[in-house]
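Reviewing the structure listed below.
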């Protein structure tokens, strides 16, 4: 993986980072790296996530999913980090004879439509919740179980669980002798993609999850005390420095349909980890080349408050564009769709630079198992670095927990003062 930060330098962009400032920042990166390295070595909460490539056992996951290897579909039931990593990895690895669907919301219409589209008698259900009490996940799982029962399917033969060492979901797995894997200790959900949490669906689909971990391992081994030697830290450091100079929005724009869920995964990682104490860069999601026709106008000519992150693979299969007799389209004939996509990528990059708008290029050698593992790990390491530079508690999410308590109180799940805020809402109703 390569990261090019040239178009984020002050010589090109406003806001931009001067080379002297970058050298000063590199000293802070070295200090932050020492803290990260120590946290990894000691298995501290959160930092332990960065050791997953060497701790996660691909063989154990593949053994656990073996009874479900005949599945025509996989349904992940989770929310947030318990679902986005799995969706990102499975989608990035490309088509499989086994489809992957996700229930990560409790919209009743969407849930009903998803279940109606699935062959429930040949669907593997992967339920993910560390606590085993996540309201949305467990509610959806109960609905899935009911739908299977109505279809005459024994849900116990189609379900695999990933959860904590104890809790209601672990007890359920023990009671019904379900295949069960453990959410790794010391790892927040949004950092858990390179574990059973994110890898089970891909394993059921027959993808090479060992190669995903190999990619993560390669990125882990590239961590070093200097941003000039480490793509992950280069990205994190430049994103932090640009935010300090006014680029408070980070638009993640992959140029590959298979990376569209990655942008959503990144948005959670960046927002939930860094949005604290009045700090944090707001992630936005875009897709190249589609959003050149919808969002690029704002990125190039709107407020100077954005970093645009452009991601692509450099080695892909292409599809030839047929020759045409239409004179205005003749230049396209004989080229490839991939060639066109690359031209769109480079044109967008140049367009932003010409307007003095900071952008960073991230390139993968290939969008394969190793490549996606490397990309996910690098973004996690970048995020941890930025948290160190901000001085925030990267691995907690107090605002999320507040909302969970409020919702639980509203549903009668306990007496939580946060639920009182609903009744205290200020109203100015227009009818």
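The values are calculated or read from the model by the stated rules, or taken from the named source; none is laboratory data. Predicted model, so just to flag it, every value in this text is computed and none were measured. Every residue, glycine as well, gets a Cβ built from its backbone with ideal geometry; the counts of neighbours run over all protein chains shown.
Restricting attention to the range 165-184, the residues that are in contact with a helix residue (DSSP H, G or I) (Cβ under 8 Å, 6 or more places away or on another chain) and either more than 30 Å from residue 402 (Cα to Cα) or surrounded by fewer than 17 Cβ atoms within 10 Å (Cβ to Cβ) (or both) add up to 6. Considering each residue of the range 314-322 in turn, at least one proves to be exposed (fewer than 14 other Cβ atoms within 10 Å of the Cβ) and in contact (Cβ under 8 Å) with a residue 40 or more places away in the chain. The condition (being over 20 Å from the mean Cα position of the chain (by Cα) and either under 30 Å from residue 337 (Cα atoms) or outside any helix (DSSP H, G or I) (or both)) is satisfied by just one residue among 283, 225: 225.
Candidates 215, 210, 246, 236: the one that is part of a helix (DSSP H, G or I), more than 14 Å from the chain's Cα centre (by Cα) and surrounded by fewer than 24 Cβ atoms within 10 Å (Cβ to Cβ) is 210. Against the conditions (1) in contact (Cβ under 8 Å) with a residue 60 or more places away in the chain; (2) in contact with a helix residue (DSSP H, G or I) (Cβ under 9 Å, 6 or more places away or on another chain), residue 97 satisfies every one except (2).
Scanning the range 291-327 for residues that are under 15 Å from residue 253 (Cβ atoms) and part of a strand (DSSP E or B) turns up 306, 307, 308, 309, 310, 311, 312, 313.
For the range 97-114, state whether one or more residues are buried (at least 24 other Cβ atoms within 10 Å of the Cβ) and in the same structural domain as residue 165 (by TED's automatic domain parsing). Yes: one or more hits.
Residue-level check: of (1) in the same structural domain as residue 253 (by TED's automatic domain parsing); (2) over 26 Å from residue 239 (Cα atoms), residue 401 misses just (1).
Touching a helix residue (DSSP H, G or I) at 6+ places or on another chain (Cβ under 7 Å) and assigned to a loop (DSSP other than H, G, I, E, B): which single residue out of 278, 288 fits that description? Steps first, answer last, please.
Numbers: 278 fails: touching a helix residue (DSSP H, G or I) at 6+ places or on another chain (Cβ under 7 Å).
Just a single option satisfies the conditions, and that option is 288.
Within the range 32-70, being over 25 Å from the mean Cα position of the chain (by Cα), surrounded by fewer than 16 Cβ atoms within 10 Å (Cβ to Cβ) and in contact (Cβ under 8 Å) with a residue 40 or more places away in the chain holds for 34, 67, 69, 70. Here residue 110 fulfils each of the conditions (1) within 25 Å of the chain's Cα centre (by Cα); (2) part of a loop (DSSP other than H, G, I, E, B); (3) free of Cβ contacts under 8 Å to residues at least 12 places away in the same chain apart from (2). For the range 168-185, the set of residues classified as modelled with pLDDT of 95 or more and in a loop (DSSP other than H, G, I, E, B) consists of 177, 178, 179, 183, 184, listed by residue number.
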